[in-house]
Amino acid sequence: MTTVELNGKRRVWLSAQLEHAAGLLGAIITASPVFGWHDRTIGTRVSTVDGERWLRVVAEMSHWAGGALWTGNLDARAISGVPKPRLLTNLDWSDGDCQLRAELMTVAPSPVIANDMVLRDTPDLTPTWWAALRRAVDALAAHSTERVCVAGSGLRLRLLAAFGVDIDAVELEWTCAHGDLHWANLTAPRLTLLDWEAWGMAPAGYDAAVLYCASILRRDVLHDVRETFADLLESPSGRVAQLAAILKLLCLVEDGEHLDIAAPLHRHARTLLATHGAGRPGA
């Protein structure tokens, strides 16, 4: 059976699970579903007695379900001062060797800026929107959590293997981050930050770094990202965060996705390393 056929069957199965969840929650599906990365999730607008909501279903093999990714949206209810959907209720069930979770949440007031994490067209974003994004990132950075987005020991090994950079994680500044701040997780004209599965502690500037790397094909947007987050990106931790973000996106390239960003990401890594020595904090 081909990959396309497998993906098609999974989408049919996920659609059935979405309908099952809607029935359990007393919701009526009102729009075509949207599938997430590698068809791991499915979501759609639904109508409930309390108004319009967003229903999301995530499916994992039972031995993989659980942990920080599984509880991310639920744990994010503790975060304040950041525009994000509000999780109203969730429920779990299993189907064979798969574990599923349905999450009913409020609907974002504006559409996503892009359907892909990598930006290929220039969006119409106002200075007010950029200012709101900076406030949101700052508010999130001030949040205290035991969740981990980027582990220091793992980051040290990856940077050493990829770039020959040896960092001391203790010397970095660590703050709370969204962890996946790219263009398919941001809305406009009214800002909302979507998809809170991966949030947790990371090198300061990590969210700005991921957004910068996801904008690597659009010079005009790169300028806006840098203008908005210059202090974070140019800090010692921010430079390390940029290398970490480059590795994050290059992992997707290795899987055959976003091949057009490989060369500019490698150029950006070389620039960081040449400009800031070995990329060590304080270099």
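Each value in this text was obtained by applying a stated rule to the coordinates, not by laboratory testing. These numbers were taken from a predicted model, which means no experiment stands behind them. Using ideal geometry, Cβ is built from the backbone for each residue, glycine included, and neighbour counts are taken over all protein chains shown.
Using alpha carbons only, how many degrees (0 to 90, rounded to 10) separate the axis of helix 3-25 from the longest principal axis of the chain?
With both axes taken from Cα atoms, the answer is about 60 degrees.
By how many nm would the segment from Ala151 to Val34 lengthen if fully extended, with 0.36 nm per residue of separation less the alpha-carbon distance?
Working: separation 117, 0.36 × 117 = 42.12 nm, distance 3.07 nm.
Taking Ala151 through Val34 to full extension adds about 39.0 nm, to one decimal.
Between Glu227, Glu19, Glu146, where does the largest GNM mean-square fluctuation fall for the chain, given springs only between Cα atoms within less than 10 Å?
Most flexible of the set in this elastic network: Glu146.
Take the alpha-carbon positions of the stretch 52-92, form their convex hull, and give its projected area averaged over all directions (one quarter of the hull surface) in nm². Please report the intermediate quantities before stating the final value.
On the way: hull surface 14.2 nm².
About 3.5 nm², averaged over all directions.
To the nearest Å, what is the center-to-center distance of the stretch 196-256 and the stretch 118-185, using C-alpha atoms only?
So the separation of the two Cα centres works out to 6 Å.
Could you tell me the ratio Rg/Rh of the stretch 127-275? Both radii from Cα atoms, Rh via Kirkwood. Could the numbers behind the result be given before it?
Working: Rg = 14.4 Å, Rh = 15.5 Å.
That ratio equals 0.93.
Give a quick list of chymotrypsin sites (Phe, Trp or Tyr not before Pro) in the stretch 41-84 that DSSP marks as loop, anything other than H, G, I, E or B, with at most 16 other Cβ atoms within 10 Å. Write out the running numbers ahead of the final one.
Working: sites: Trp54, Trp64, Trp70; in loops: Trp64.
Passing sites in the stretch 41-84 are Trp64.
Please list, by residue number, every one of the trypsin sites (Lys or Arg not before Pro) in the stretch 175-283 that is coil in DSSP and has at most 14 other beta-carbon atoms within 10 Å. Spell out each step's value before the answer.
Numbers: sites: Arg190, Arg218, Arg219, Arg226, Arg239, Lys248, Arg267, Arg270; in loops: Arg190, Arg218.
For trypsin sites (Lys or Arg not before Pro) across the stretch 175-283 that sit outside H, G, I, E and B with at most 14 neighbouring Cβ atoms in 10 Å, the list reads Arg190.
Dipole magnitude of the stretch 127-275 about its Cα centre, charges +1 at Lys/Arg Cβ and -1 at Asp/Glu Cβ only, in debye to the nearest 20? The partial results should precede the final answer.
Details: 13 positive and 19 negative charges, 52 e Å.
Dipole of the stretch 127-275, to the nearest 20 debye: 260 debye.
Can you bin every Cα-Cα distance in the chain into 5 Å intervals starting at zero and give me the percent of pairs per bin, rounded to whole numbers?
Reading upward from the zero bin: 1, 5, 12, 16, 17, 17, 14, 10, 6, 3, 1, 0.
Quote the Stokes-Einstein diffusion coefficient, in whole µm² s⁻¹, for the stretch 3-105, based on the Kirkwood radius over alpha carbon pairs, a temperature of 25 °C and a viscosity of 0.890 mPa s.
Details: Rh = 14.2 Å.
After rounding, the answer is 172 µm²/s.
Can you give the helix-only mean residue ellipticity at 222 nm for the chain, where every DSSP H stretch with n ≥ 4 adds -39500 (n - 2.57) and the sum goes over all residues, rounded to the nearest 500 deg cm²/dmol? Intermediate results must be reported in sequence, preceding the final value.
Details: 8 runs with 116 residues, N = 283.
For the chain, the value works out to -13500 deg cm²/dmol.
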